[in-house]
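Engineer: The structure that follows is given in the form of structure tokens.
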Amino acid sequence: MMYLSEITRFLDELLHVHAIPDAAVNGLQVGRDQEITKIALAVDACMDSFREAKKQGAQLLITHHGVSYGNSLSTIRSLNYERLQFLLKHSIAVYTAHLPLDAHPDVGNNIQLFKALKLQKPRQFGYASGVPIGLIGSVKSQTQEEFIGSVNGLLDVQAKLWDFGPEHIKNVAVVSGRGSAFLREAIESGADTYVTGELTHDDYHIAKDGGINVILAGHHATETLGLKALQPLIEQTFKIPTVFLNLDSGL
């Protein structure tokens with residue numbers, strides 16, 4: 001038998017969830033110690049993922065975006081009530097790793113994206129709460145079309161290109177999810193292309209004036225990679241079946 005406390009202890013130590021200041025409440029957000037026979041993983045903790053976890057017979061849901069940010073659960077009513085009621089009724093625990101999963105040097109979203117795009121010579125950049133989140137690296141010179149084709153193939157998306165930089169790509173910065181906070185730093189660090197999930201209207205002009213290509217590959221899509229890297233590690237460690245819930249928001 002494998003219990004929730006054993007799994008959360010392993011995840012806490014692996015991901016250093018309590019070492020990084022974060023708006024998200026990292027670690028176990030919902031649950032009590034109970035036997036775990038199946039684990040689901042999803043980018044978002046939401047009713048869709050809760051229902052699918054129940055359908056799949058999972059007692060633990062590991063997510064990148066959780067249900068608790070700051071004091072968001074200070075009152076249990078309306079949306080909070082509906083979500084927690086479902087989880088408690090069906091004995092589904094929720095464990096979340098937000099910035100710790102972005103930043104992790106092995107199973108993190110950004111190192112996984114960096115390696116999958118065959119980037120070389122990683123340099124850290126983009127500090128959040130004093131911890132480097134993003135990576136910059138070099139790639140064998142290729143056209144915008146060739147490189148964005150690699151992104152699309154990797155993530156199964158149709159990424160959007162802001163064509164503001166050179167036609168031939170050599171230096172690439174990656175930040176999964178929302179990359180607005182690190183766009184200026186990517187420009188100043190010499191990247192000619194910025195791969196991220198999403199940016200804002202204001203970022204459009206910063207990128208254009210900064211002369212950098214931007215590839216918007218989707219917030220959800222760019223943050224699946226860390227969970228998918230974590231999945232086989234959990235299976236090998238605990239001999240428990242897992243399932244990844246690909247509930248893409250399209251954003």
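Engineer: Just one of Gly197, Gly177, Gly190 is exposed (fewer than 15 other Cβ atoms within 10 Å of the Cβ), of a type in the set (Gly, Ala, Ser) and at pLDDT 95 or above; which is it?
Structural biologist: Gly190
Engineer: Output the number of the condition that Thr200 fails; it satisfies all remaining conditions of (1) touching a Ser or Thr at 6+ places or on another chain (Cβ under 7 Å); (2) more than 21 Å from Ser249 (Cβ to Cβ); (3) not aromatic (Phe, Trp, Tyr).
Structural biologist: Every condition holds for Thr200 apart from (2).
Engineer: Counting just the residues of segment 3-21 that are surrounded by fewer than 17 Cβ atoms within 10 Å (Cβ to Cβ) and over 22 Å from Glu35 (Cβ atoms), which one comes out modelled with the highest pLDDT?
Structural biologist: Top of the filtered list is His16.
Engineer: Yes or no: segment 227-238 includes at least one residue that is without any contact (Cβ under 8 Å) to a residue 12 or more places away in the chain, touching a Phe, Trp or Tyr at 6+ places or on another chain (Cβ under 9 Å) and outside the structural domain of His65 (by TED's automatic domain parsing).
Structural biologist: Looking through segment 227-238, none of the residues is without any contact (Cβ under 8 Å) to a residue 12 or more places away in the chain, touching a Phe, Trp or Tyr at 6+ places or on another chain (Cβ under 9 Å) and outside the structural domain of His65 (by TED's automatic domain parsing).
Engineer: Test Gln29 against the criterion of being closer than 22 Å to Phe238 by Cα, outside any helix (DSSP H, G or I) and among the polar types (S, T, N, Q), and give yes or no.
Structural biologist: In short, yes.
Engineer: Need a quick list: strands (runs of 3 or more DSSP E) entirely within segment 168-240 having at least 2 residues that are more than 18 Å from Gln112 (Cα to Cα).
Structural biologist: Because the criterion is at least 2 residues that are more than 18 Å from Gln112 (Cα to Cα), the strands (runs of 3 or more DSSP E) in segment 168-240 that meet it are 168-178, 213-216.
Engineer: Also: Would you call Val43 touching a helix residue (DSSP H, G or I) at 6+ places or on another chain (Cβ under 7 Å), among the hydrophobic types (A, V, I, L, M, F, W, C) and assigned to a loop (DSSP other than H, G, I, E, B)?
Structural biologist: Spelling it out, it is not the case that Val43 is touching a helix residue (DSSP H, G or I) at 6+ places or on another chain (Cβ under 7 Å), among the hydrophobic types (A, V, I, L, M, F, W, C) and assigned to a loop (DSSP other than H, G, I, E, B).
Engineer: Let me ask something else about it. Take the conditions within 30 Å of Met1 (Cβ to Cβ), β-branched (Val, Ile, Thr) and touching a Ser or Thr at 6+ places or on another chain (Cβ under 7 Å) and apply them to Ile234. Does it pass?
Structural biologist: yes
Engineer: Name the helices (runs of 4 or more DSSP H) wholly within segment 93-160 that hold at least 2 residues that are charged (D, E, K, R) and either loosely packed, with under 15 Cβ neighbours inside 10 Å or in the same structural domain as Lys38 (by TED's automatic domain parsing) (or both)?
Structural biologist: Output list reads 144-155.
The values are calculated or read from the model by the stated rules, or taken from the named source; none is laboratory data. Every value quoted in this text rests on a predicted model; they were computed, and no experiment measured them. Cβ coordinates were reconstructed from backbone atoms using ideal geometry, including for glycine residues, and neighbour counts include every protein chain displayed.
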